[in-house]
Amino acid sequence: MIVNEKSIQNKVLGCWFGKNIGGTLGAPFEWRRQINHVTDYTQDLGGKALPNDDLDIQLLWLIALEERKLNVDTRDLAYYFSIFVTPHWGEYGTAKTNMKLGMESPFCGLENNAYRHSCGSYIRSEIWACIAAGTPELAVRYMMADSAIDHGGNTEGTYAAVMVAAMEAAAFVESDVNKLIEIGLSYIPEGCDVAAVTRLVQDCYRSGKSYLEARDEVLRLYRGAPFSYDDGKKIVVLCDERDREMGFADGVKGYDVVDNFGIIMIGLLYGQGDFGNTLCYAVNCGEDTDCTAATLGSMLGIIYGAEKIPEKWLRPIGSQISTLCLNHGEIEGMVPKTVEELTERTMRLMRMSDALNDLNLGTTPVTDLICPPLLRNKLYARADCAVYDFKFFEIAVSYPDGIYLKGNSGKVRIRVENKFRVTENVAYRWFAEEGFATDYAEGYVYLSRNTYGDPSCEMDFTFSTEGNPKLKNRFVFQLTAEGRASAMTVPVLFLKGRE
């Protein structure tokens with residue numbers, strides 16, 4: 001229940017203003033591996049914030065949520081993404097290219113994707129935090145559905161997005177930065193690199209290192225490759241002389257989110273709640289400067305509200321929204337024109353979400369926002385699966401050896417779960433592409449209810465053909481419950497590949 005709506009709306013307004021401020025502040029230095037010396041905006045803005053994909057895609061999600069009345073899953077979001085997100089760079093382009101082949105989420109984010117550990121999804125976390133204000137578990141579920149599109153499930157890109165979404169959702173009811181970090185960490189695997197870089201920055205801060213010394217430690221241990229491009233004569237690497245001498249001119253291509261997440265933690269801890277210092281420290285660390293500063297701007301905007309953002313940062317950018325990465329086509333006139341309009345529409349969605357989910361915004365909000373380990377394990381157990389919810393049953397599809405055939409065969413894993421109160425005998429049946437065969441093409445499975453045992457069953461099927469497979473090979477897995485009229489079907493796809 002939303003008790004103090006005026007205060008919550010001020011936090012949402014602060015979130016969106018903070019996003020525009022940070023994105024605009026960091027834009028001139030984006031993807032340059034260097035130490036900057038920023039204390040203010042460095043460009044004449046004329047009263048307008050710069051457009052940024054960090055906000056653009058969230059405007060698309062706003063429209064999707066309004067049209068679908070909050071009822072969106074990863075396939076719905078992927079459909080909007082494929083039509084209305086225009087860039088073809090990095091993970092965006094890989095995901096859209098994969099979708100053209102018929103890959104569903106999360107496979108479009110996993111296959112062929114050198115950028116699945118990059119920054120494209122944590123930068124669009126705020127819409128989920130706002131519609132799940134005070135309720136990080138709900139924000140995380142939405143965020144995982146979003147991130148799966150272009151980062152897959154169990155990747156550093158998704159872990160970073162989950163941690164940011166959890167922290168921002170919790171920030172509506174918790175203002176202690178250290179507690180927010182622990183809440184965020186509880187929602188990601190303990191052994192992932194995003195968790196490790198967070199603990200590294202915490203150690204640097206506690207030991208008295210400066211924020212730039214912490215930055216160097218992050219790059220020493222967790223750097224991705226610096227941005228480079230071909231100018232027609234040579235490959236230009238955007239790494240300055242100082243960082244070259246430090247040994248920072250190399251790294252793993254596409255492994256960008258971990259060092260940038262470390263920079264977010266640097267800004268959050270070393271900034272000590274000061275809005276300007278927090279954002280400037282992040283920009284001064286270099287790397288993906290518009291994204292790190294924009295995320296920090298949103299986070300502090302939620303914690304303190306728009307009224308606490310200094311006028312120095314608000315006046316130069318105004319409240320107009322400009323876009324860069326959206327195909328307006330069939331959504332022309334639906335994209336918010338101002339931060340105030342975006343805030344009001346976000347609040348309408350939050351009220352709708354509160355009616356459905358009873359958000360943790362009451363008179364005595366729950367203070368224990370930490371994710372239990374059992375829930376965390378469940379969140380990631382099927383993160384690399386396409387999950388189909390049939391109310392009483394759930395079917396999850398994954399490809400242990402990838403979606404491309406190995407020679408003339410491919411393996412698919414099907415997990416069926418009984419979500420209702422009674423035990424069931426269910427029958428499965430495969431409808432295979434012509435020429436393909438598998439053992440156990442049909443059969444029965446007994447599913448317990450969870451109070452009597454494991455309500456799920458996992459089955460591996462290998463399909464093979466003696467002939468030459470098509471470029472695209474489509475299959476259907478059908479499940480029926482004995483004595484019930486309905487049939488549940490899910491698609492399976494294998495693509496012809498090379499050994």
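The values are calculated or read from the model by the stated rules, or taken from the named source; none is laboratory data. Because the structure is a prediction, the values reported are computed rather than measured. Don't worry about glycine lacking a Cβ; one is built from the backbone with ideal geometry, like all the others, and counts go over all protein chains shown.
Inspection of region 358-380 finds no residue satisfying the criterion of being modelled with pLDDT of 95 or more, more than 30 Å from SER398 (Cβ to Cβ) and surrounded by fewer than 15 Cβ atoms within 10 Å (Cβ to Cβ). Of the helices (runs of 4 or more DSSP H) that lie entirely inside region 243-328, those containing 2 or more residues that are in contact with a helix residue (DSSP H, G or I) (Cβ under 6 Å, 6 or more places away or on another chain) span 257-270, 275-284, 289-304. Determine which member of the set LEU369, LEU379, LEU374, LEU356 is within 15 Å of ASP73 (Cα to Cα) and among the aliphatic types (A, V, I, L, M). After applying the criteria, what remains is LEU379. Region 1-106 holds helices (runs of 4 or more DSSP H) entirely within its bounds, and those carrying 1 or more residues that are closer than 30 Å to GLU241 by Cα and among the acidic types (Asp, Glu) map to 53-68, 90-100. Condition first: charged (D, E, K, R), at pLDDT below 95 and over 12 Å from TRP16 (Cα atoms). Can you find one or more residues in region 291-313 that meet it? Scanning region 291-313 turns up no residue that is charged (D, E, K, R), at pLDDT below 95 and over 12 Å from TRP16 (Cα atoms).
Quick check on region 271-280. Is at least one of its residues touching a Pro at 6+ places or on another chain (Cβ under 8 Å) and modelled with pLDDT of 95 or more? Yes, some residue in region 271-280 is touching a Pro at 6+ places or on another chain (Cβ under 8 Å) and modelled with pLDDT of 95 or more.
The single residue among LYS470, LYS496 that is touching a Pro at 6+ places or on another chain (Cβ under 6 Å) and of a type in the set (D, E, K, R) turns out to be LYS496.
Does any residue of region 26-40 turn out to be more than 24 Å from VAL257 (Cα to Cα), at pLDDT 95 or above and either surrounded by fewer than 18 Cβ atoms within 10 Å (Cβ to Cβ) or not assigned by TED's automatic domain parsing to the domain that holds ARG345 (or both)? Write out each step before concluding.
Filtering region 26-40 for residues more than 24 Å from VAL257 (Cα to Cα) gives 39-40.
Restricting the remaining residues to those that are at pLDDT 95 or above gives 39-40.
When the remaining residues are screened for being either surrounded by fewer than 18 Cβ atoms within 10 Å (Cβ to Cβ) or not assigned by TED's automatic domain parsing to the domain that holds ARG345 (or both), the result is 39-40.
Yes, region 26-40 contains a residue that is more than 24 Å from VAL257 (Cα to Cα), at pLDDT 95 or above and either surrounded by fewer than 18 Cβ atoms within 10 Å (Cβ to Cβ) or not assigned by TED's automatic domain parsing to the domain that holds ARG345 (or both).
Remark: pairs (first residue in region 30-49, within 19 Å of TRP313 (Cβ to Cβ) and touching a residue at least 60 places away in the same chain (Cβ under 8 Å); second residue among the polar types (S, T, N, Q) and loosely packed, with under 15 Cβ neighbours inside 10 Å; Cβ separation under 6 Å; 6+ apart in sequence or on different chains) = LYS48/GLN320. In the set (1) assigned to a loop (DSSP other than H, G, I, E, B); (2) under 20 Å from the mean Cα position of the chain (by Cα), LEU379 fails one condition alone, (1).
Scanning region 1-29 for residues that are in contact with a Gly (Cβ under 7 Å, 6 or more places away or on another chain) and of a type in the set (Phe, Trp, Tyr) yields PHE17, PHE29.
Annotation: TYR446 fulfils all but one of (1) part of a strand (DSSP E or B); (2) of a type outside the set (Gly, Ala, Ser); (3) without any contact (Cβ under 8 Å) to a residue 40 or more places away in the chain; (4) surrounded by 13 or more Cβ atoms within 10 Å (Cβ to Cβ); the unmet one is (4).
Based on this model, can you work out whether GLY333 counts as without any contact (Cβ under 8 Å) to a residue 60 or more places away in the chain and farther than 19 Å from VAL72 by Cβ? Yes; evaluated as a whole, the condition is true for this residue. Selection of first residues in region 288-312 that are assigned by TED's automatic domain parsing to the domain that holds GLY224 and farther than 19 Å from THR343 by Cα and of second residues that are modelled with pLDDT of 95 or more and of a type in the set (Val, Ile, Thr), restricted to Cβ pairs under 6 Å at least 6 apart or on distinct chains, gives the following pairs, ordered by first then second residue: THR289/VAL283; CYS291/ILE123; THR292/ILE263; THR292/ILE264; ALA293/VAL283.
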